[in-house]
Amino acid sequence: MNSLLQTTPLDAWHRAAGARMVPFAGFEMPIYYRSIVAEHQACRQSGVLFDVSHMGRLRLEGDGAAELLDAVLTRRVTDLGLGRTRYSLVCNQEGGILDDVLVSHLQIPSGKQYYLLVVNASNRAKIVQWITPHLERFPFVTMTDRTELTAMIAVQGPSVLAACGRFFKFDANRLRYYHSVVTEHLGKPVIVSRTGYTGEDGLELIVRREDAVRVWENMLLAGRDAGFIAAGLGARDTLRTEAGMPLYGHELSESITPIEAGLKFACNLDGREFVGSEALRRVIANGPGRVRVGLVPNSKRVVREGAAVLDRVGNTIGEVTSGCPSPTLSHPIAMAYIDDPNRASGEVFVDLRGEKVPAEMTPLPFYQRSSST
Amino acid sequence: MSRDETSLLFAESHEWVDVTQVDGAQVAVVGISAFAIEQLNDLVYMDLPKAGRVLTRGEEFGEVESVKAVSPLYAPVSGEVLEVHQDLADHLDQLKDDPYNFGWIMKVKVANQDDLGLLLDHAAYQKQCSEPS
């Protein structure tokens, strides 16, 4: 075992449950317990639990915290109402994506307010480093990395609210989509957010490290009759791919702008200046240099990350960034960047390990749940 | 007739071999081990060789694809492919349940007797599988 890898507070639980553990972003994480496909289908049909404790959790508080975040996030934070959560990006001066994040405006029972930034595990150190110099301009703001003091559990699926909602002091059934609340589960403090990364309805919970196993087991128990199971990163990846959601390091990187990634909705440029805003205005004015599309290869074989997208005569016109079999659709799906935004629909070809296979470019997502509440 | 796992030979690359006699010739029935199938998890595709193809020991003869990855299959012995289990590709779910009977992939006419001596017996293969990778 690599001793440089960190473990989450649920590590012993995963191992006892027979999970196959793999290194991911500096952590040992479960890739699956029994079957990626079964875990994927359980999420689409009832509910699953993911340990996402590897994700970074940064707390910003004090006078000026919203203004500081406003200066580094692509979306406005100063008008983020108490109890609300927003998807946003952190960009560099060139408009390249440093990370995609969730920012929440929260209040602890004593009345004190703060902002919570949930960042990708692989980008946590980078984002801390990126924000730190900004603290000089906001002397009353403090940033605390809460990651190692807490655990994070995603409970995702159509039955989650009905099965688990009432087990929080603030009934999560009253929590609207992209809202968050600081509340309790059986006397244990918990931040509950109605968010997720699967394309299903559900909750994301942040608890104290020492409460992680108890809360995890209680959520499993609450969903037992509905068929809840634990799911690993394998299913998380196929679920987010079906939902057309980008993943940092695949669809997102420092050399890709939010406009190219199809995330213009997460950039609020009206009368705002933030790191990268000028560059993003230029990209919008000139038109993006490439565009993210869905791909359905006409093949049973899976087109994977790094495969070239080709035109009829074999010129490379793009590259696949993610690909997997879709358990819901029963055929392979992929996401790719196409270098010419005017040619982002219709038929192309992909280099499937040496074989030129036709593929249809499709709008994203591949899967959308029937009702978003 | 059910194949006994413990009497099979194994390649380090996780293919199993059952050596049979057909009309006086040695024929190797080839499949993938239960351990490898378990490790691959959730198979979605298998690329099979064509009958008549002449394989060299260690040569890639096909691939098996799971949700997460593609893994090449390597010929455990040299020789001509006599027969291919065509039904297998459409019934990968059954491969997991019965890797040593239903899960046979191909029959190869053994060209070089010495190839068999390079394979592991069941105990040696089990030992390899239990070592941390």
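The values are calculated or read from the model by the stated rules, or taken from the named source; none is laboratory data. Please read all numbers here as calculations on a predicted model, not as lab measurements. Virtual Cβ from ideal backbone geometry, glycine too; neighbours counted across all protein chains shown.
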message = What's the number of the only condition in (1) over 18 Å from A:L205 (Cβ atoms); (2) touching a residue at least 24 places away in the same chain (Cβ under 8 Å) that A:T8 fails to meet?
response = (1)
Subset of segment A:279-316 that is more than 19 Å from A:G346 (Cα to Cα) and aliphatic (A, V, I, L, M) - its residue that is farthest from the other protein chains (Cβ to nearest Cβ) = A:A285
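Does A:E319 meet the test of being acidic (D, E), within 14 Å of another protein chain (Cβ to nearest Cβ), surrounded by 15 or more Cβ atoms within 10 Å (Cβ to Cβ) and closer than 17 Å to A:K356 by Cα?
Against the criterion (acidic (D, E), within 14 Å of another protein chain (Cβ to nearest Cβ), surrounded by 15 or more Cβ atoms within 10 Å (Cβ to Cβ) and closer than 17 Å to A:K356 by Cα), A:E319 does not qualify.
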query = If you take the residues in segment A:341-354 that are without any contact (Cβ under 8 Å) to a residue 24 or more places away in the chain and part of a strand (DSSP E or B), which one is surrounded by the fewest Cβ atoms within 10 Å (Cβ to Cβ)?
reply = A:G346
task = Scan segment B:37-52 for residues that are surrounded by 19 or more Cβ atoms within 10 Å (Cβ to Cβ) and away from chain A (no Cβ under 14 Å) and jot them down.
result = B:P49
request  = Exactly one condition in (1) closer than 22 Å to A:S46 by Cβ; (2) modelled with pLDDT under 95 is not met by A:F167; state its number.
outcome  = (2)
inquiry  = Consider segment A:326-339. How many of its residues are within 14 Å of chain B (Cβ to nearest Cβ), surrounded by fewer than 24 Cβ atoms within 10 Å (Cβ to Cβ) and in a strand (DSSP E or B)?
reply    = 2
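Filter segment A:52-69 down to the residues that are of a type in the set (G, A, S) and under 13 Å from the mean Cα position of the chain (by Cα) and list them by number.
Within segment A:52-69, A:S53, A:G56 qualify.
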query = Looking at segment B:53-98, what strands (runs of 3 or more DSSP E) fall wholly within it and have at least 3 residues that are surrounded by fewer than 17 Cβ atoms within 10 Å (Cβ to Cβ) and more than 13 Å from chain A (Cβ to nearest Cβ)?
reply = B:79-84
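Do we have B:S7 as of a type in the set (S, T, N, Q), farther than 30 Å from A:L239 by Cα and out of contact with any Asp or Glu (no Cβ under 6 Å at 6 or more places or on another chain) here?
It is true that B:S7 is of a type in the set (S, T, N, Q), farther than 30 Å from A:L239 by Cα and out of contact with any Asp or Glu (no Cβ under 6 Å at 6 or more places or on another chain).
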query = Is at least one residue of segment A:357-373 more than 14 Å from chain B (Cβ to nearest Cβ), free of Cβ contacts under 8 Å to residues at least 40 places away in the same chain and either surrounded by 15 or more Cβ atoms within 10 Å (Cβ to Cβ) or assigned to a loop (DSSP other than H, G, I, E, B) (or both)?
reply = yes
